[in-house]
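Since the structure comes first, as structure tokens, the remarks are kept for the end.
The values are calculated or read from the model by the stated rules, or taken from the named source; none is laboratory data. Given the structure is predicted, the values throughout are model-derived calculations rather than measurements. Using ideal geometry, Cβ is built from the backbone for each residue, glycine included, and neighbour counts are taken over all protein chains shown.
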Amino acid sequence: MKRDATAVLVIGAPRSGTSCVSHVISKLGFSFGDPKRFVDPTEHPWNPVFFELRSLNDLNNQIVDALGYDYLRFDWLPLKRQYKPSLIKAFEAAIQEFLTTEFAAAKRIALKDPRFCLTLPVWASVLASLGYRVRYVWSVRELSSCLTSNRVLDDASSTRSERLVTLSSYMAGYFLDGKDYCLANYDAYVDRPEACTQELADWLGVSGSCVRSAAIAIDSTLRHRGSGGRSISTELADLSERLLSNRLRSRDYLGFRSVLKNHGFLQLFEEQTKTTRAMGRLREARDAGSKEITALQEQNAGLNASCCEAQDELARCHEVISDHEARIEDLGSESERQRRQISDSQATLQVQTTQIEELGNTILHRDNELSELSRQVAEHGRELELLKGVISERDCELEDVQKAIADRTNELQESRSLAAEREKRTETLGVDLAASEQHVERLRDIESNLKSRAQDLRTALRARDQLVDNLDQELSILNVERATSGSKLGRAISRWRASLAPIGTRRGSLATLLGKFLATTVETGPRMAISKSAAHLKTHLRVRRVRRGPDGTPAPGNGPNPVDVTADPQLKSWIQAHEPTPDDLEVQRKQAQEFEYRPKISAIVPIYRVPRQVLNELIDSLEIQTYPLWEACLVWSDSRNEHDWQWLQERVGTDPRFVLRKLDANGGISRNSNDALELADGDYIALLDHDDTLAPWAFFEIVKKLQDAPELDFLYSDKDSISSEAEVRLNALFKPEWSPEMLHSVNYLTHLNVIRTSLVRDVGGWRPETDGAQDWDLFFRVTEQTDRIARVPSILYHWRILPSSTATGLHAKPYAAAGQLKSQQDHFIRRGLPATVVPTPEGLFRVCWPEEKGSVDVVVVQSRSTGELVNTLNQLRAARQEVIRRIHVVHREVLNPQLAMFRDVWQGRVEFHQLKSANWRMGLERVLEGHDVGTCVLLDGAVTGISETLISELSGWVASHPEIAWTSALAMNPDGTVYEAGRVVAQAGHSAPLFGGASLYSFGWFGGALWYRNVRAASPYAIALNGEDARLAMARLDKTGHDSNDFAGFCIELAKDNRRGLVNPFATVYFDEPPESNWNNDGSCFHADPFFNPAFSEVSPLGL
């Protein structure tokens, strides 16, 4: 397997400049194979080097044939689901043999063929499985020029050219959507060869002198013909515009295909294919009739030959008669001569009388022979006449046969035509009937889904209305309070306090303590106020003693981070063991200068009404970064505060790394952030709030990660919080690797986030309508466009807890809840997924999927006693039943009356399978053997309780989300604590439960059990999966050589091919005693699990 090899696929419609782009790529060091094996250039005189291997054309033609299409008919409109694993598997060996034959051990290869627009999924899958890093270069050109070039060079009809170019363009966009590709504009390459070549070389990771030679290789004299003023349709013009602006996506192709289908063109293409096959069958029948006629003609030729032989025999008879007549004439002459001798020799007459009599007898004998010969000639004449009659009759018969054959052929042709018409009509009626039935069924499903979704939307709408009402009430109360004289006095006092005792100063701390004391005195009385103030002062002094020595000077050894004090002993030990020392920071500064890849990072900082001291600490944290290549884009929106604006300008001075802009008015957090984005000049942006701080090594760790993976688009780190006075670190959050579904519970990505600048601009930056959740919304839209996302496991960001910050909770920004809900719902709409998002009382969100009646099989497997199995079935009986199609009960003992009674309960929807040593594997295999199972839920027969919507909650994700391979429920202990919220898996194969023993409503270093959580594995207590996926996963598990009953390994096999497992906190099962009491709790064993964090030394309970 070539793990260090790169394959570039050049894709594009014919005459779109693919040969020009291929020429450049070849000059950049990528091999297209042996030029002697290219398509013959004499067939394409306008293009001396075609860069297409004949063997590649032939292999792609085989793939097209396997798909059931004819490439040259241009009637292909496939969907991705047609490229089944079996089809891809069928061509793996052929593609591998092709690569070995054509490229041997080459590390950089490139392939070009216009058929890639139809066969791309097969090549992409096989090349990736062979270990190639697959890159895509899409060559495009203004469509009118493509059409003109096709028509002039190939003498192709305009309709044929339009179909070829249109289908090739749409399908390229369809298959490349979501992939990383380079768009190569052919006209731009001819006009600006050096710039375009450099851009392509950078994208391919090529540098050096070859870039210049590659640009020189572009020959403008070979430029294809332009449009020549030829007009094209509005639809083609729109397609051309979307193509050149890189906005052609899957939805465009699917929309185009839908239009063709709605207008019947798709059916017409299918009927044309059927007609072609029918014509082939007719041609075969015609060839068979021709062979039959040839056989009759050969028979006629035989008869003619017999006639010729008879005529030859008759001719020979005539020759014999002629010979005899000649002899008779000779004998007559001799007789006359003898008579003259008798007359002349009378004397000798008597002597010769005897001789004459003998001669007379001889003549008589000869006469008899002559008579016999005459008789024979007469007989031969009669035979000849008979033969002529037979030949005449045979000729008549032959004519009759030929007429009968012609009539039969005509009748056969008419019968076949009639049969073909009837067959076509029957097929059409059958297709129409099937389509009608499918349409009716789809309409019913759509109606059911719409009803379900309408109900979910009504629920969400009610929740949103309630939220809006609550916010309106709070706003009304705040407005009323704001209008009171007390509120006005309070604002005046706040302004006076801000000027005399700013936050962050000793006077500010004293004023804060005094304010809290007065508020507590009013609420609870002076005694409680004195007690709380004393406790607060004691904590403050303890922190001060830690931060400073006995003499009041800064204590040594507290680390380089300006904020390094924490009251949590575990967190304190972890900080001391893992965060760098001042000496380490000096080493980082030197290493940063030696980085091979040194991107520039632009910090986006919108500023509005923040204390000067707090803002100064943020600037300090930027200035001490150990990675030097950064800039800070500071946008000041507090237009009335001219004094602090002047201070900020003086604070940053002439440092070019600080880019400032003052706004005329505050446009809100999103608009202010977009203004800061306009200033950004870096390769990446870092999101930074105006009241937070960075660790000194934050940017260094980010860029260090990029050294190994410069293609990353999105990086995020762990984070913690700091107190308002920046005295104490608390609330650390250690995050897993990229977990898409966790983002539906909380914005776990928040801080520090570094994103590729071009990607943020491509998605449109921040949306003002999501203010309060603007970063969350941006993360959804960015991660929809890329999967090159990575975690940096280190605390790089300190989130300050201020009264105005969401770090204190949603009550600080009540409008944030509406923005969060909109961000989530819009994400599912953009992805075309039928989900509805509903807020929960805990401040989280619940994703609801449409329920399809009778679509789920439930497999209940006995793991303990029969009584416990009966109890589990009763729990299932009490839950919602609508989505359940069939229930399979796998039991160990002989069926008893307690189990048999469930036949009456579920009325034929329950089946019993007795297996003496039943387990999850045997139960699944037994059920999958005899049934066509779609979505199924595997349920342990020892659970003592289940949530009411367990089946629909688990099955909805698997049935409706294409990237979810399985969904597991939360498992709860008898005391109400969590037993398992998914499992972490070690490289050795053993696993341990997450959140074991934790409170359901507690949230700590790793979040909480009530979050949606992506995990590698779970236990077989309650889990939904697809039946066909289960068959394939069990087969793959057997091939690995691991324990075939290893459920963790089974979960991992299920989630192959970029799919994920999920723990759904809204699906719950309960046990009367923990199913498992011992596991390997050493956290270091599980650090390789991407959904764990290397900060933890223990799993359940979590320990740093």
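Brief remarks on what is shown
- Among the residues of segment 719-730, some residue qualifies, meaning at least one is more than 33 Å from the chain's Cα centre (by Cα), assigned to a loop (DSSP other than H, G, I, E, B) and over 25 Å from T626 (Cα atoms).
- In segment 990-999, residue nearest to D1089 (Cα to Cα) [restricted to those that are part of a loop (DSSP other than H, G, I, E, B) and hydrophobic (A, V, I, L, M, F, W, C)]: L994
- Among (1) surrounded by fewer than 24 Cβ atoms within 10 Å (Cβ to Cβ); (2) in contact with a Ser or Thr (Cβ under 6 Å, 6 or more places away or on another chain); (3) within 28 Å of R589 (Cβ to Cβ) - the single one L752 does not satisfy: (1)
- Scanning segment 1000-1044 for residues that are among the polar types (S, T, N, Q), part of a loop (DSSP other than H, G, I, E, B) and in contact with a Gly (Cβ under 8 Å, 6 or more places away or on another chain) gives a single hit, S1002.
- One residue stands out in segment 856-892 among those that are polar (S, T, N, Q) and surrounded by fewer than 24 Cβ atoms within 10 Å (Cβ to Cβ): the one that is farthest from D904 (Cα to Cα), namely S863.
- Pick from segment 817-855, criterion surrounded by fewer than 20 Cβ atoms within 10 Å (Cβ to Cβ) and at pLDDT below 85, ranking: nearest to Y797 (Cα to Cα): G843
- Taking the numbered list (1) modelled with pLDDT of 90 or more; (2) outside any helix (DSSP H, G or I) in turn, R230 passes all entries but (1).
- Residue match in segment 1069-1084 (condition: buried (at least 21 other Cβ atoms within 10 Å of the Cβ), in contact with a helix residue (DSSP H, G or I) (Cβ under 8 Å, 6 or more places away or on another chain) and at pLDDT 95 or above): yes
- Summed over segment 63-93, residues that are out of contact with any Phe, Trp or Tyr (no Cβ under 8 Å at 6 or more places or on another chain), surrounded by 14 or more Cβ atoms within 10 Å (Cβ to Cβ) and of a type in the set (A, V, I, L, M) total 3.
- The residue that is farthest from L802 (Cα to Cα), among those in segment 593-628 that are aliphatic (A, V, I, L, M) and within 39 Å of the chain's Cα centre (by Cα), is I601.
Results for (1) over 25 Å from K705 (Cα atoms); (2) in contact (Cβ under 8 Å) with a residue 40 or more places away in the chain, shown as yes or no for each residue.
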position: S739; (1), (2): no, yes
position: Y748; (1), (2): no, yes
position: I755; (1), (2): no, yes
position: S758; (1), (2): no, no
position: G764; (1), (2): yes, no
position: E769; (1), (2): yes, yes
position: Q774; (1), (2): yes, yes
position: T783; (1), (2): no, yes
position: H798; (1), (2): no, yes
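- Residue check, S673 assigned to a loop (DSSP other than H, G, I, E, B) and surrounded by 19 or more Cβ atoms within 10 Å (Cβ to Cβ): no
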